[in-house]
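See structure below.
Values quoted throughout were computed directly from the atomic coordinates according to the rules given, and no laboratory measurement underlies them. Computed from a prediction, not measured in an experiment: that's the story for all the values here. With ideal geometry, Cβ positions are generated from the backbone for all residues, glycine too; neighbour counts draw on all protein chains shown.
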Amino acid sequence: MSQSRNGDGEGAGEHPASDRFEEDVLALVPALRRYARCLVRSDPDGEDLLQDCVEKVLSRRAQWRGVNLRAWAFTIMTNLGRNRHRYVTMHPQVALDEDLGLQAEDHESDPLERSRLERALNGLSTENRSVLMLVVIEGYRYQDVAEMMAIPIGTVMSRLSRARRQLAEAMKDDNVISMRRPK
Amino acid sequence: MTEGHNTVSEDDLHAYVDGALGPRERLRIEQWLEQNPAQAEEVRQWRAQAVELRAHFAGYARSDAGDRALLLANGSERPQQNPAKDARSFAGIARAVAAGLALFVAGGLTGLYAPTLLPTDREIQPIAAADSLPRQAQSAFLVYASEVRHAVEVGADDQTHLATWLGKRLDHPLSIPDLSSLGFSLVGGRLLPVNGRAGAMFMYEDGTGRRLTVLLGRNDDNRETSFRIDSTDGVETFYWIDGPIGYAVTGEVPRDLLQQVADECYRQFEKSEATKS
């Protein structure tokens, strides 16, 4: 029998169906959905990561220090994304679904351009990708990113630099579909 | 140095692209870029990237009708799985199917992926005995740290049972290290094969979800080693062998933190040995 699921003892019955904390989390869902999708390779993976993150945020609410729920949730998402990425890297076939037309959304932009960008992003390590996304998409300051990821600001800068250079390089010669991340 | 024009660092260029500079600094960088076309081109690329990335992901920052259900999905009401562990949600099923299809297509085209056609289950496979302790510890970490709901077989709320059960399987009295002084709490543990014999794994997690594993396995040659470190792809393992048992502490955390964890585990294992003998 799995006893692990509700190990945090945060009984659902203790809280009414919805409270302030849950409303705050709900308000963050759009931002979290976007960030989740920034970290993974496909829409279903993004929704899956979002679901994992919300679940974790709710079950860990007792550990939240009461300031900046958004940054805290983003940190949790970053760690979940990293854990997940390691799994995908070990089992690269899971990553192939990006090419199967699973995109549920109707995006206006050129699908070819989109998949080109996606492929370039998928070549980044999850650490570099997270930093790039937190800075560029989410607009966090370097110092915030350092705190969220518990790394020195110098590391933030070097990851950002690697991400930008690698992305530029990959967009330049977009002739390789990498299925396996090179060592 | 003329007006600091020579002192534009790469960090300055990023800060410039990310709008993190005041007007005077911006002007200084702009002037410098005029003299440095290669860097100016790079900056132009970075800005174009940023625009493209924002456009690419903008559509995802939306609310869905089902969002409130995410709040309720916490724990029991979430559909629980069947034997296929990956298929814990519709997305998981879709992904598994998609992966299978993709493999089929890729395999058909190139023959390259034929050996991996069989869907890999998330259950850990018995690891070849030849694999060393740190390799096995890293495999276990990589597989189980990514599990959200099935990271462990027995949760932290049943610690006494966990210690007794795994101690019995390991044929070695066992106490579970308490790492709360380092900010990590026990998630739980599971049985898994180490060197082809029953071994034990404990998983810990900090407040932000960073995970660590502590692996114990039988060591039949009964020797001892000092602390050693093995690092593969950013996953660090401290390991040591102490008579009949080999220990490995694995995580993707800064090395000095992991060392503190290893020290703490070593100290606590030693202490419990001492009180038992």
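Tabulated values for the structure
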| read-out | value |
| --- | --- |
| Kirkwood Rh and Cα Rg combined as Rg/Rh, the range B:186-277 | 0.96 |
| Percent breakdown of C-alpha pair distances by 5 Å bin, ordered from the shortest bin, for the range B:162-231 | 3, 15, 23, 21, 21, 12, 4, 0 |
| Cβ crowding within 10 Å averaged over residues, with B:20-32, B:134-146, B:168-180 ranked highest first | B:134-146, B:168-180, B:20-32 |
| Distant-in-sequence amide H partners of B:GLY183 (H built 1.01 Å from N, under 5 Å) | none |
| Residues B:LEU72 and B:LEU191, FRET efficiency given R0 of 41 Å [Cβ-Cβ distance, rounded to 0.05] | 0.80 |
| Gyration tensor verdict on the range B:124-277 (Cα atoms; rounded if a/c is under 1.5, prolate if a/b is larger than b/c, oblate otherwise) | rounded |
| Shape call, the range B:10-58: gyration tensor on alpha carbons, a/c limit 1.5 | oblate |
| For residues of A:47-57, the mean tally of beta carbons on other chains within 10 Å | 6 |
| Average beta-carbon neighbours from other chains, 10 Å sphere, peptide B:41-52 | 4 |
| When the range B:128-172 is reduced to its Cα atoms, the Kirkwood hydrodynamic radius in Å | 12.2 Å |
| Cβ crowding within 10 Å averaged over residues, with B:35-47, B:188-200 ranked highest first | B:188-200, B:35-47 |
| Extension reserve of the B:ALA20-B:ASN36 stretch, reckoned as 0.36 nm per residue once the Cα distance is removed | 3.7 nm |
| Peptide A:21-32 - average C-beta neighbours from other chains (10 Å radius) | 3 |
